[in-house]
Protein chains: 2
Amino acid sequence: MISVHTKIDASPASSEKGKLTPLDIEAIDLFISFLKILGLPKSVGEIYGLLFASPKPLAMDELIEKLHISSGAASQGLKLLRSLGAVKTVYTPGARKDHYTADLELSRFATVFIKEELQPRLENGLERVRRMEALLAELPEAEKQEALERMTRLKHWLEKGNTMLPWILEFLRT
Amino acid sequence: MISVHTKIDASPASSEKGKLTPLDIEAIDLFISFLKILGLPKSVGEIYGLLFASPKPLAMDELIEKLHISSGAASQGLKLLRSLGAVKTVYTPGARKDHYTADLELSRFATVFIKEELQPRLENGLERVRRMEALLAELPEAEKQEALERMTRLKHWLEKGNTMLPWILEFLRT
DNA sequence: CATTAGTTTCATTTTTTATTGAAATATTAC
DNA sequence: GTAATATTTCAATAAAAAATGAAACTAATG
């Protein structure tokens, strides 16, 4: 089933060196949009998107050339993506430069978002609610009831979130 | 059960005009942190937080005074929060100024986030994947297989998200 | 209907965040 | 070793986002 007539394409869909294919562009756009949810800058989305679309690992200077980003942005973006486990360094025998490839475990992004953005805030929120409940004692009776009701609602909602997140993590994992 | 001796408190836990109580501050901090997830600016979190902590509706100038924000920020923040349904205008008989109160349906924020941030991106993403699959045809056979695998993974993940979000919405609703 | 009070708008400023690129550091080749 | 190449760091700059406040607008009062 291996192709027999892999002719050199006249309008190659894949990299004619330093140029993005339409496929690359779609992937980049998509990941810019998704990684933005995590609060990551455009350049990081671009890097991941291009690596995702690339059949083979890319070196830093290829990223720089194709995406027109600075070496600093490339270096920092890769560092960040590696720290998330979203990009891996690939050993390429006899190659001077490091080569990078996208880890395809996409759930990783959602997981990071939940663990780093949502869960800490929920926990912090619950702690804060406890502190607020303590402060309620000092309120005049008239206000206390109403305030208590609000605290209860807030707590309830935070707890709901707190129980839901592990389910989501589990669902994503599988 | 109505309090009989509502003495004028020496160190009032509630507003001695233009000053935030410790309770206010806790609530404000909490909502700044949460609304930031939605990409909302600090001032909006402050406004909602203060309204949430306030037993009675507040006028715009009270917000401005207590939070030390400009009239512009107050006006725009309230407008935005009203558009989300998170803040309501309260009719106060014989009052010149409008008065605002926090809607306590907190799930609203999560709902907005899901409907405005997540769902559109997922749908857009799926559409994009379709476009990418079409582009795959032009790839040389060697790359095609690998690329197809990636597209499949991406699609799978987007679909997974797409089925999960309605569950979450439903869970939040109840 | 004119005066005053309240709110919104929006050009400008401030603050925050992201990017650049040259210099410092690290790595590989010879 | 040291020359050549690759990567990281970080101060400076650019870009994006938020806040300000004066002016325009709107609504209520007498």
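The values are calculated or read from the model by the stated rules, or taken from the named source; none is laboratory data. All of these numbers come straight from a predicted model, not from anything done at the bench. Here the Cβ is made from the backbone with ideal geometry for all residues, glycine too, and neighbour counts use every protein chain on show.
Figures for the structure shown
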read-out: Of all residues in the range A:156-169 being within 11 Å of chain B (Cβ to nearest Cβ) and under 13 Å from A:Lys115 (Cβ atoms), the one that is surrounded by the fewest Cβ atoms within 10 Å (Cβ to Cβ); value: A:Leu165
read-out: Cross-chain or 6+ apart pairs with Cβ under 8 Å, the range A:67-81 first and more than 14 Å from chain B (Cβ to nearest Cβ), then near DNA strand D (Cβ under 6 Å from one of its atoms); value: A:Ser71/A:Met60; A:Ala74/A:Met60; A:Ser75/A:Met60; A:Leu78/A:Met60
read-out: Checking A:Thr101 against (1) touching a residue at least 24 places away in the same chain (Cβ under 8 Å); (2) over 30 Å from B:Glu146 (Cα atoms), the condition it does not meet; value: (2)
read-out: Among (1) within 13 Å of DNA strand C (Cβ to nearest atom); (2) within 30 Å of B:Leu118 (Cβ to Cβ), the one test that B:Gly94 misses; value: (2)
read-out: Selection from the range A:64-74 of residues that are under 15 Å from A:Pro41 (Cβ atoms) and either at pLDDT below 95 or near DNA strand D (Cβ under 9 Å from one of its atoms) (or both); value: A:Ser70, A:Gly72, A:Ala73, A:Ala74
read-out: Long-range neighbours under 7 Å by Cβ, at least six apart or interchain, first residue free of Cβ contacts under 8 Å to residues at least 12 places away in the same chain within the range B:30-58, second acidic (Asp, Glu) and part of a loop (DSSP other than H, G, I, E, B); value: none
read-out: Qualifying residue in the range A:104-116 (condition: loosely packed, with under 13 Cβ neighbours inside 10 Å and outside any loop (DSSP other than H, G, I, E, B)); value: yes
read-out: Flag for A:Gly94 being more than 11 Å from the chain's Cα centre (by Cα) and over 13 Å from A:Met60 (Cα atoms); value: yes
read-out: Flag if B:Glu133 is out of contact with any Gly (no Cβ under 9 Å at 6 or more places or on another chain), at pLDDT below 95 and either assigned to a helix (DSSP H, G or I) or closer than 24 Å to B:Ser107 by Cα (or both); value: no
read-out: Test: B:Leu58 is over 28 Å from A:Lys144 (Cα atoms) and of a type in the set (A, V, I, L, M, F, W, C); value: no
read-out: Members of the range B:132-142 that are surrounded by 13 or more Cβ atoms within 10 Å (Cβ to Cβ) and among the charged types (D, E, K, R); value: B:Glu133, B:Glu138
read-out: Boolean, A:Leu30 is closer than 28 Å to B:Val112 by Cβ and either at pLDDT below 95 or away from DNA strand C (no atom under 15 Å from the Cβ) (or both); value: yes
read-out: Failed criterion for A:Phe109 (all others in (1) within 26 Å of B:Gly39 (Cα to Cα); (2) away from DNA strand C (no atom under 16 Å from the Cβ); (3) under 16 Å from the mean Cα position of the chain (by Cα) hold); value: (2)
read-out: Candidates A:Leu67, A:Leu80, A:Leu84, filtered to the one that is hydrophobic (A, V, I, L, M, F, W, C), within 11 Å of DNA strand C (Cβ to nearest atom), touching a helix residue (DSSP H, G or I) at 6+ places or on another chain (Cβ under 9 Å) and farther than 21 Å from A:Thr21 by Cβ; value: A:Leu80
read-out: Residue satisfying condition, being farther than 21 Å from B:Ser33 by Cβ, of a type outside the set (S, T, N, Q) and at pLDDT 95 or above, within set B:Gly77, B:Gly125, B:Gly94; value: B:Gly125
read-out: Candidates B:Ala147, B:Ala102, B:Ala110 - the one that is facing another protein chain (nearest Cβ under 10 Å) and in contact with a Pro (Cβ under 7 Å, 6 or more places away or on another chain); value: B:Ala147
